[in-house]
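Worksheet: one structure, shown below.
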Amino acid sequence: MKYKHIIWDWNGTLVDDCKLCLDSFNISLKKRSLSSIDYQKYRSIFTFPIINVYKKAGFSFENESYEKISGEFVSFYENNFHKVKLHNQVRESLERIISKGLSQSILSAGRQDLLNNWLKFYDISEYFFKIVGVQDQYASGKLDQGLSLKKDLSFNDNEILLIGDTLHDHEVAESLNIDCILIDHGHVSTNRLERTGRIVTSSILGVLNSINI
């Protein structure tokens, strides 16, 4: 086994929050008398920075700011995140990885204080060497945070694996010069993920099996 450290994305990868995010989008769309979007549409347009998802969904920022709409999303998510669950066999998989002697981190485009709260709520903070989020709520990306995290890891590039559910996870891994496996149970459709050329699986156990853990 060549990997010694796993970097996990959070939203969509470990926590099953796609429907919650879609609900928030549609509430904001309805509030502005705009057409709602369905699950397939959402997964076909999801990207970073998130402002571009809003634009593709039909929002216009001519009369109100992205910051205002983003604030609606964060408020809705925070009031409802306790209703969503971790994806199947997350805890068992995290324990399995540790039992094999690997360490793990979280790298998220979520705001750091909220990210800390989410992991405490699901009681899985103990599994991670580092829990790295961003300093604002606008979800513009996490490349800088990934570069910083990598500096804190005492591993060679080929010993680190990033696991995520978005094209941005692929892009971050590319910039960090590390391997990446993508899971299609989150915010981005299977065909879009497959176009990256990365290994794409449909479950966390599929990831572990593909790397012989």
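List the lysines whose Cα lies under 23 Å from the Cα of K4, skipping any in the same chain that are fewer than 8 positions away.
Of all the lysines, those that pass the test against K4 - Cα under 23 Å, at least 8 places apart if same chain - are K100, K130, K142, K150, K151.
So if I place +1 on the C-beta of Lys and Arg and -1 on the C-beta of Asp and Glu, and nothing else carries charge, what would the dipole magnitude of the chain be about its Cα centre? I want it in debye, nearest 20.
Charge dipole, the chain, about its Cα centre: 300 debye, nearest 20.
In the range 149-202, what trypsin sites (Lys or Arg not before Pro) fall in a loop by DSSP, with at most 16 other Cβ atoms inside 10 Å?
Here the trypsin sites (Lys or Arg not before Pro) that fit, given the DSSP loop and packing criteria, are R195.
Using Cβ counts within 10 Å as a stand-in for footprinting exposure, how do H87, H82, H168 rank, fewest first?
Fewest-to-most Cβ neighbours within 10 Å comes out as H82, H87, H168.
Considering just Cα atoms, how many Å³ per residue does the convex hull of the range 94-154 enclose?
Cα-based convex hull of the range 94-154, divided per residue, equals 80 Å³.
Just to be sure I understand: of the beta bridges DSSP finds with both ends in the chain, what percent are antiparallel, rounded to 5?
Around 5 percent antiparallel, to the nearest 5.
For the chain, with the dipole built from +1 on Lys and Arg beta-carbon atoms and -1 on Asp and Glu ones, taken about the Cα centre, which of N156, L34, V15 lies farthest toward the positive end?
Farthest towards the positive end: L34.
Identify the trypsin sites (Lys or Arg not before Pro) of the range 45-122 meeting these criteria: DSSP loop state and at most 16 other C-beta atoms within 10 Å of the C-beta.
Those that pass, being in a loop and sparsely packed, are K85, K100.
Under 20 Å Cα-Cα from K30, which lysines qualify once same-chain neighbours fewer than 8 residues away are excluded?
K19, K41, K55, K56, K68
In a solvent-free Debye calculation with one equal scatterer on each Cα, what is log10 I(q)/I(0) for the range 3-135 at q = 0.12, 0.15, 0.20, 0.22 Å⁻¹, listed in the order of the q values?
Debye curve over Cα of the range 3-135, log10 I(q)/I(0) at q = 0.12, 0.15, 0.20, 0.22 Å⁻¹: -0.53, -0.77, -1.20, -1.37.
Quick check: net charge around I37, other residues with Cβ under 12 Å of its Cβ, Lys/Arg +1 and Asp/Glu -1?
Neighbour charge sum, excluding I37 itself: +2.
Kirkwood Rh and Cα-based Rg: tell me the resulting Rg over Rh for the range 134-213, rounded to two decimals.
Rg/Rh for the range 134-213 comes to 0.97.
Quick one: Kirkwood hydrodynamic radius for the range 18-83, alpha-carbon pairs, angstrom, one decimal?
When all Cα pairs of the range 18-83 are included, the Kirkwood radius is 12.0 Å.
Taken together, the values in this text are just the output of simple stated rules run on the coordinates, not laboratory data. Note that the structure is a prediction, hence the values are computed from the model and not measured. We place every Cβ from the backbone using ideal geometry, glycine too, and count neighbours over all the protein chains shown.
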